[in-house]
Amino acid sequence: MRSVAIEDNRRTWTFGAVGAAALLGAVLLQVRSSRLNKKVAACKALSEALDKTVRDSSPRIFEGIVDYAWDRKKERCLASIEYHYKPCDPKTAKKNPELCAGPDADIGIYAFLDGGAKPLVMCERRYEPAAAACTESVYGIDGMLLTSREFPRSSSPLKDELFDRRP
């Protein structure tokens, strides 16, 4: 009789331990998911703020595409921003030549490091002549620029078909 009671007691403790482990695992997954959701929401807010800052500085933007992602491996927010600009009219070109000296389209992939957006890849494109230039930058853990390199037009993320949509 006593061995049956001991066996029941062991079974109860085993089921209790398995249940507690499962509950703890579920709680830990919920906490991890909650933290990731907060990071993704913060990443979205940073990307939207960067977009607003860039748009406020250029009245020529007629189309913009903003995307963002949380890089789990490097624990950082990445934002991709692509802009297409209105061609400058002669009046604007005369009044504000530096505004019109910029590209007709550009794309930037930014990482948010140390409270600021650092460009990882920047590409510019002009309608006439059909030229593109891309620069890739590498930053250290402290946010300092370590190196940058240009890569060929054939590797540009700004594809030719995007330039058929002039305003």
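The values are calculated or read from the model by the stated rules, or taken from the named source; none is laboratory data. Computed from a predicted structure; not experimentally measured. Note that each Cβ is placed from the backbone with ideal geometry, even for glycine, and that neighbours are counted across all protein chains shown. Only protein heavy atoms, including side chains, enter the accessible area calculation; ligands, DNA and RNA are left aside. Shrake-Rupley method; radii C 1.70, N 1.55, O 1.52, S 1.80 Å.
Can you name the residue in region 104-131 that is farther than 21 Å from Lys39 by Cα and part of a loop (DSSP other than H, G, I, E, B) and, of all such residues, is modelled with the highest pLDDT?
Filtering first and then ranking leaves Asp104.
I want to confirm something. Restricting to region 1-33 and keeping residues that are among the polar types (S, T, N, Q) and surrounded by 10 or more Cβ atoms within 10 Å (Cβ to Cβ), which single residue is modelled with the lowest pLDDT?
Ser33
Restricting to region 69-82, count the residues that are touching a helix residue (DSSP H, G or I) at 6+ places or on another chain (Cβ under 7 Å) and open to solvent by less than 40 Å² (accessible area, probe 1.4 Å).
Total meeting the criteria: 3.
Output the qualifying pairs, or none if there are none: Cβ atoms under 6 angstrom, residues six or more apart or on different chains, first residue in region 92-116 and among the aromatic types (Phe, Trp, Tyr), second residue open to solvent by 40 Å² or more (accessible area, probe 1.4 Å) and assigned to a helix (DSSP H, G or I).
Qualifying pairs under 6 Å: Phe112/Leu46.
Tally up the residues in region 83-96 that are open to solvent by less than 50 Å² (accessible area, probe 1.4 Å) and not in a loop (DSSP other than H, G, I, E, B), please.
5
Is there a residue being more than 18 Å from Pro119 (Cβ to Cβ) and part of a helix (DSSP H, G or I) anywhere in region 63-74?
no
Look at Asp89 and say whether it is among the acidic types (Asp, Glu) and in contact with a strand residue (DSSP E or B) (Cβ under 8 Å, 6 or more places away or on another chain). Before the answer, list the steps.
Values: among the acidic types (Asp, Glu): yes; in contact with a strand residue (DSSP E or B) (Cβ under 8 Å, 6 or more places away or on another chain): no.
Against the criterion (among the acidic types (Asp, Glu) and in contact with a strand residue (DSSP E or B) (Cβ under 8 Å, 6 or more places away or on another chain)), Asp89 does not qualify.
Within the group Cys134, Cys100, which residue is modelled with pLDDT under 85 and either open to solvent by 40 Å² or more (accessible area, probe 1.4 Å) or more than 24 Å from Ala69 (Cα to Cα) (or both)?
Cys100
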